[in-house]
1. Which listed residue (SER680, TRP441, ILE859) has the Cα farthest towards the positive end of the charge dipole for the chain, taking +1 on Lys and Arg C-beta and -1 on Asp and Glu C-beta about the Cα centre?
2. Over the chain, what relative contact order in percent results from Cα pairs under 8 Å that are six or more residues apart?
3. What Kirkwood hydrodynamic radius do you get for segment 90-137 when you take the inverse of the mean 1/r over all pairs of distinct Cα atoms, in Å?
4. Using 1/(1 + (r/R0)^6) with R0 = 51 angstrom and r between the beta carbons of LYS335 and ARG65, what's the FRET efficiency to the nearest 0.05?
5. Which FRET efficiency value, to the nearest 0.05, do you get for CYS89 and LEU856 by plugging their Cβ-Cβ distance into 1/(1 + (r/R0)^6) with R0 = 56 Å?
6. Full-extension gain between THR359 and THR614, please, as 0.36 nm times their residue separation minus the C-alpha to C-alpha distance.
7. Which percent, nearest 5, of DSSP beta bridges in the chain are antiparallel?
8. Quick check: residue separation of CYS221 and PHE628 times 0.36 nm, minus the Cα distance between them. What number comes out in nm?
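What follows is calculated from the coordinates using simple rules that are stated; it is not laboratory data. Since we're looking at a predicted model, the values are computed, not measured. Every residue, glycine as well, gets a Cβ built from its backbone with ideal geometry; the counts of neighbours run over all protein chains shown.
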Amino acid sequence: MSLKTKDVVLSEDRPKTLLLQKHSDYLASYGLNKNDYEYCMTEYLRMSGIYWSLTAMELMNQSSRMPKEEIISFISTCQDSESGGISACNGHDPHMLYTLSAVQVLAMYDRLDAIDVEGVVKFVSSLQQEDGSFFGDKWGEVDTRFSFCAVMCLSLLHRLDAINVNKTVDFVVSCMNFDGGFGSKPGSESHAGLIYCCVGTLSICKRMEVLKADELAWWLCERQLPSGGLNGRPEKLPDLCYSWWVMSSLSMLNRIHWVDKKNLEQFILACQDSETGGFSDRPGDIPDPFHTLFGLAGLSLLGDTSIKRVNPTYCMPQETIDSGLLTSNLFQDIKSEYDYIIVGSGTAGSLIAHRLAETNYTYIVIEAGGFGHHFHDIPAFGPLLHGSQYDWGFETVAQDNACLAMDGHKCKLSQGKIFGGSSKMNNMIHVRGNISHYVDWFHGKYTKEYIEEQFNYIESEIFNLSHLQYDSNLSDAILNATKELGYKEIKHFDNGFMKSTVTQYNGKRWTTSHQLDPANVLTHVLVEKLLIEKSKCIGVKTSNRKILARKGVILSAGTINSAKILQLSGIGPSELLKSLNIPVVKDLPVGKNLQDHIGTGLDLVLFDEPQSVTTSDIMDPMSVVQYFYNGKGPLTTPGCEVIGFISTKNEEIPDIQYMVLPVGITSDRGSHLRRNLGISDDIWKNYFEKVFHKHAATFFPIILHPKSKGEVKIQSKNSNVPPLINPRYLSDENDIRSLVEGVKFVIKLLKTESLKVIGAHLNDTPFPSCKKYKMFSDLYLKCYVQHLTLTSYHPVGTCSMGLPDSINTVVDTSFRLLGVKNLYVVDGSVLPTLPSGNINAAIAMMANLFFENVILKNIDKIETCQRIFLVELLHRVCLVG
């Protein structure tokens with residue numbers, strides 16, 4: 001006997017857009033009539049109601065409509081002087097739930113001084129039991145909800161030291177069920193609300209590794225019903241609060257992409273009351289502040305940029321978290337001033353910080369993302385970070401000549417928002433590129449031999465480089481096939497092909513951030529702008545503090561964010577800054593000259609049998625053993641086994657790079673990889689789904705030096721609003737021709753005996769938008785590359801390096817920003833042209849060169865001056881004597 005699924009049907013006349021003003025009006029007027037029956041009957045929820053309403057208003061940027069001083073005064077009257085706890089309303093008993101709500105409200109208002117904080121700490125800690133569980137109040141009910149409330153409350157107050165965190169975690173883990181879920185107590189049924197509480201507890205306590213993440217995520221995903229809504233447990237109707245609990249849990253698990261976001265968004269929007277405003281539990285019911293908060297918070301998690309970003313753990317605005325209250329640096333002593341401030345912990349920022357640790361200089365690295373998890377160092381899991389909370393989630397504006405197969409003609413442009421930056425998400429490929437180009441960058445300031453010395457240094461003293469610890473049959477077949485066509489096997493940049501050299505250590509992903517002391521890193525902190533006085537950069541401003549720099553600020557936030565921060569600080573094209581009413585500090589071409597390595601050929605090569613890693617290989621217990629004990633096996637795969645360089649013009653210097661990706665995006669049947677790229681439904685259904693019965697690979701041709709250039713520009717003074725990114729992909733006809741020639745080489749390669757013998761053949765499914773052209777003709781291929789345009793995630797150039805008198809220059813060849821003292825930019829944004837290959841090695845070389853020639857030479861100058869001063873002093877003493 002099968003049970004019928006309970007669900008709702010969404011009506012055609014349901015709200016389909018977000019009614020922000022209606023919701024703001026609804027919450028602003030809620031509770032104004034103190035004689036209202038509903039108001040009187042919900043007195044026991046008063047404190048939580050304030051939290052729900054204020055948070056919702058904060059997310060809509062409408063909190064000014066709430067009576068701030070009245071709310072703060074009310075909270076103060078609700079604190080019990082004896083126990084220190086806070087009640088729902090004056091005269092009620094204090095309880096953990098309402099204590100947390102009060103603390104959350106005061107944290108958002110930055111008014112924790114309005115209560116006796118030590119009293120709250122005493123109240124919460126007194127409710128912890130011997131087994132690590134918590135009572136909700138003096139009457140003694142145990143529930144995992146109260147564990148979550150206790151941990152969150154104390155983390156907001158910087159006082160997690162007041163409880164036994166290890167016992168707290170042990171109790172929560174004891175409530176885990178076989179399905180990976182959690183109940184209120186050990187043995188209780190799994191429920192979405194309690195899962196949220198337990199996952200949130202473990203997230204704050206930094207013990208996420210104890211979770212059965214995949215089992216739990218699958219259980220949560222199964223809560224989605226045909227309407228798009230989510231229920232709290234099997235056989236229940238969908239509910240907006242369940243939807244939030246499931247979404248937030250999946251977000252903390254880095255698996256929110258496992259649900260159908262589009263259908264879920266439709267369900268949430270349908271729960272709006274178009275007449276009164278507010279959200280209800282499900283379409284057609286009466287709205288209330290509780291569901292209004294979770295409706296807005298849910299849409300925020302789904303990426304609605306008209307709402308402030310919400311933190312999935314605390315259900316509070318992300319900007320409150322970015323203030324430093326709730327970060328991993330909760331107990332860190334953050335100084336008001338350092339010698340150097342480094343903004344960004346990617347390859348460049350982390351390398352510079354590592355070298356600064358050799359000196360006596362003080363420094364802090366400020367990172368907008370979090371520390372991540374050691375599972376993120378498993379190379380095969382790299383693609384899972386794309387589109388996650390560890391990704392900035394950038395995308396281009398609609399393109400005229402490229403990305404036509406993507407939703408809205410926009411290409412995704414993933415960039416790492418995590419400690420380690422984009423080096424946590426890349427293919428780990430290490431290639432020097434064409435060194436003569438780097439000599440040109442510095443206009444002859446450094447010789448080719450000197451730059452080679454820099455590479456030698458980072459490769460021997462800083463980087464951990466490794467040969468592939470796992471490669472498929474395909475990699476050898478490719479090398480043999482290219483030899484058939486006359487290409488040699490190479491070791492460095494040249495015409496030819498080679499197996500990838502990768503940044504790995506014992507099979508694990510390695511980044512320059514692995515060398516940093518976390519005590520010198522401030523995570524989850526967004527730099528809003530630079531502090532500049534009298535043409536000198538004196539520090540940075542975050543959402544709740546200013547941090548000063550005695551010697552300099554080093555901007556290493558990446559090509560997109562470094563340009564954004566400079567523009568927000570008044571450094572950029574004056575026309576843009578004036579249009580946003582930003583005072584112009586320096587008129588420079590910041591954001592211009594955007595370049596990127598782009599390619600094509602997704603799943604263009606097919607096989608009847610798998611040639612590389614399969615899902616079963618990844619899930620095989622022996623693969624796990626191989627990885628963790630020997631640093632070898634399928635889990636170490638970088639995703640790209642072979643790279644190569646050719647000239648499509650029969651010249652000495654290559655103009656196309658190839659990356660051989662032996663696993664196609666159809667391998668997961670559209671569950672994740674397709675969404676990372678934003679491929680439209682029509683293209684997916686009529687092209688990619690046609691080859692589900694095959695095993696696909698991508699021989700990815702990349703234009704090394706595209707002539708198409710774009711720009712990055714802010715669209716608001718609000719630092720939380722992403723910039724507009726217009727790379728103008730394929731706007732130059734030469735780039736289209738180069739890419740077409742790159743695809744032709746792939747077709748030629750497939751005719752070699754080495755690839756024929758393993759069954760390689762072309763995907764001859766006509767591309768939907770190009771059927772009017774003859775298959776694989778130049779016109780067909782032109783149409784194909786313009787539709788299936790793919791970025792290598794290598795943006796550079798927005799803060800271009802050059803000579804001071806050039807109109808394109810933002811920083812000089814010493815990385816100093818023109819016209820502003822003590823401000824340096826050191827990351828991919830300063831590269832005036834693209835390197836000939838993957839950009840990580842070039843950026844590391846450049847960062848080390850900066851340290852050696854700017855920071856280290858300044859130290860040498862100071863020591864020389866000190867020695868001269870000492871000699872003169874001794875000389876004067878001797879003369880006097």
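1. Towards the positive end, the residue furthest out is TRP441.
2. Details: 1824 pairs, mean separation 105.6, N = 881.
Reported as a whole number, the value is 12 percent.
3. Details: mean 1/r = 0.0860 Å⁻¹.
It is 11.6 Å.
4. On the way: r = 37 Å, r/R0 = 0.73.
Efficiency, rounded to the nearest 0.05: 0.85.
5. On the way: r = 63 Å, r/R0 = 1.12.
Plugging the Cβ-Cβ distance into 1/(1 + (r/R0)^6) gives 0.35.
6. Values: separation 255, 0.36 × 255 = 91.80 nm, distance 4.71 nm.
That pair, THR359 and THR614, stretches by 87.1 nm at full extension.
7. Working: 57 of 78 bridges.
Around 75 percent of the beta bridges assigned by DSSP in the chain are antiparallel ones.
8. On the way: separation 407, 0.36 × 407 = 146.52 nm, distance 2.87 nm.
Net length gain for the segment: 143.7 nm.
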